[in-house]
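A.B. asks: Quick one: the structure is below, questions incoming.
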2 protein chains.
Amino acid sequence: MTRIAFLVVAVAAVAGVVASLTPRSGYTDEQGSPIYGVTIPPGYRDWKLIAVSEIAAGDKSQLRAEFGNDIAIKAFLEGKLPFPDGSIVIAHHWMKESSPENDKVLAMVPMVAGLDSPKSFVPGSFVNMQIMVKDSKKYAASGGWGFADFKDGKPGDEALTKTCFPCHEPAKAHDYVYTRYAP
Amino acid sequence: MTRIAFLVVAVAAVAGVVASLTPRSGYTDEQGSPIYGVTIPPGYRDWKLIAVSEIAAGDKSQLRAEFGNDIAIKAFLEGKLPFPDGSIVIAHHWMKESSPENDKVLAMVPMVAGLDSPKSFVPGSFVNMQIMVKDSKKYAASGGWGFADFKDGKPGDEALTKTCFPCHEPAKAHDYVYTRYAP
């Protein structure tokens, strides 16, 4: 490669990195989480889906989607543990709401996919999102993971962020990640 | 553009189309659905997520993810109705299972994201997937949509496939699509 061609490639690579750090529109706060300095990766809502889940407490529930960047998805699919540096796992949480519109239709269909008289639930308001970023050196004190919990585009305070790692410690055998890939 | 360059681009474009029609590994049956001839789009599990949902019947439930190809996602984000030709919407269904592993951890945390003593639910066995493909001319008799319901890689029979459009007809005002984009 000539020196000029090399320079062009290098400049393009740096420009690519800078572009990928541009905050996602809708998230005006570029502040990182306390302790870890983890920020919201732009465009993560379009990342590949690892799994969905639900957290239910009486009549209040959350529907959840877990997204992974390409490094994390590859590790999930290959069953590779620990996750390699650069892996990012994001949990995206909505309140769960019933859907009267869908229920009206379901009422006309006695059986749906083996379920008898089912009811429909859909994502309601967006609650919060949680991020895990793998950097085994930078975050050596917390299992190699940096954590963040964002609500309305703002990171949770230090007291909240301090609870992330202890809550993930019981999942040490799966490199502190609870989510499994849903095929 | 010279004629040769144009040819190279044209051949590459055709090759791209052929490559994208290669059946996804894991789905050995390349048979399309009855009536509509809709097949499983390869790699759809990695498509962008439109929303998640749940269908619940007593103690039996399904967790669901709805994926869209880029044409469908663009239409959802722009609020564009009817969906343009080429839009594909896929619903991917798992049985919902409780997660004793996650519940053990949740038991140590009294409040999770505003929920009191919550329980965790995750995707269990994969049930089926349903496909809607927009082609306003080819599928003019069914609102411009072709339908399919695949289980174990095999399309449902004609009797099942006949139920798709009537079930989507009440959603005519939203171009027969129930799923809304979850932000």
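The values are calculated or read from the model by the stated rules, or taken from the named source; none is laboratory data. Quick caveat: nothing in here was measured; it's all calculated off a predicted structure. For neighbour counting, all protein chains shown are included, and Cβ atoms are generated from backbone atoms with ideal geometry for every residue, glycine included.
A.B. asks: Which count do you get for residues in region B:32-55 that are hydroxyl-bearing (Ser, Thr, Tyr) and within 14 Å of chain A (Cβ to nearest Cβ)?
C.D. replies: Summing the residues that are hydroxyl-bearing (Ser, Thr, Tyr) and within 14 Å of chain A (Cβ to nearest Cβ) in region B:32-55 gives 2.
A.B. asks: Also: List the residue pairs whose Cβ atoms are under 9 Å apart, where the first residue sits in region A:170-183 and is closer than 13 Å to B:Asn102 by Cα and within 8 Å of chain B (Cβ to nearest Cβ), the second is of a type in the set (Phe, Trp, Tyr) and assigned to a loop (DSSP other than H, G, I, E, B), and the two are 6 or more positions apart or on different chains.
C.D. replies: Within 9 Å, the pairs are A:Pro170/A:Tyr176; A:Pro170/A:Tyr178; A:Ala171/A:Tyr178.
A.B. asks: Within region B:132-149, can one find any residue that is assigned to a helix (DSSP H, G or I), of a type in the set (Phe, Trp, Tyr) and either in contact with a Ser or Thr (Cβ under 8 Å, 6 or more places away or on another chain) or surrounded by fewer than 16 Cβ atoms within 10 Å (Cβ to Cβ) (or both)?
C.D. replies: No - not one qualifying residue is present in region B:132-149.
A.B. asks: A further question on this structure: For region A:97-136, enumerate the residues that are among the charged types (D, E, K, R), more than 7 Å from every other protein chain (Cβ to nearest Cβ) and in contact with a Gly (Cβ under 8 Å, 6 or more places away or on another chain).
C.D. replies: Result: A:Glu97, A:Lys134, A:Asp135.
A.B. asks: Also, I was wondering about something else. Please verify whether region A:88-104 includes one or more residues that are part of a loop (DSSP other than H, G, I, E, B), closer than 28 Å to B:Tyr181 by Cβ and of a type outside the set (Val, Ile, Thr).
C.D. replies: yes
A.B. asks: Please work out which one of (1) over 15 Å from the mean Cα position of the chain (by Cα); (2) assigned to a loop (DSSP other than H, G, I, E, B) is the condition A:Val122 fails and give its number.
C.D. replies: (2)
A.B. asks: Can you tell me which of A:Phe83, A:Phe76 is within 18 Å of the chain's Cα centre (by Cα), in a helix (DSSP H, G or I) and in contact (Cβ under 8 Å) with a residue 24 or more places away in the chain?
C.D. replies: Result of the check over A:Phe83, A:Phe76: A:Phe76.
A.B. asks: Just checking, which of B:Pro183, B:Pro155, B:Pro100, B:Pro123 is crowded, with 20+ Cβ neighbours inside 10 Å and closer than 26 Å to A:Ala91 by Cβ?
C.D. replies: Answer to the check: B:Pro123.
A.B. asks: Something else: May I ask you to say which residue of A:Leu81, A:Leu115, A:Leu63, A:Leu77 is within 27 Å of A:Tyr181 (Cβ to Cβ), surrounded by 18 or more Cβ atoms within 10 Å (Cβ to Cβ), of a type outside the set (D, E, K, R) and modelled with pLDDT of 90 or more?
C.D. replies: A:Leu63
A.B. asks: Among B:Tyr139, B:Tyr178, which is among the aromatic types (Phe, Trp, Tyr) and in contact with an Asp or Glu (Cβ under 8 Å, 6 or more places away or on another chain)?
C.D. replies: B:Tyr178
A.B. asks: So, one more: Which of the numbered conditions does B:Ser98 fail, given that it passes all the others? Conditions: (1) touching a Cys at 6+ places or on another chain (Cβ under 7 Å); (2) closer than 30 Å to A:Asn128 by Cα.
C.D. replies: Going through the list (1) touching a Cys at 6+ places or on another chain (Cβ under 7 Å); (2) closer than 30 Å to A:Asn128 by Cα, B:Ser98 breaks only (1).
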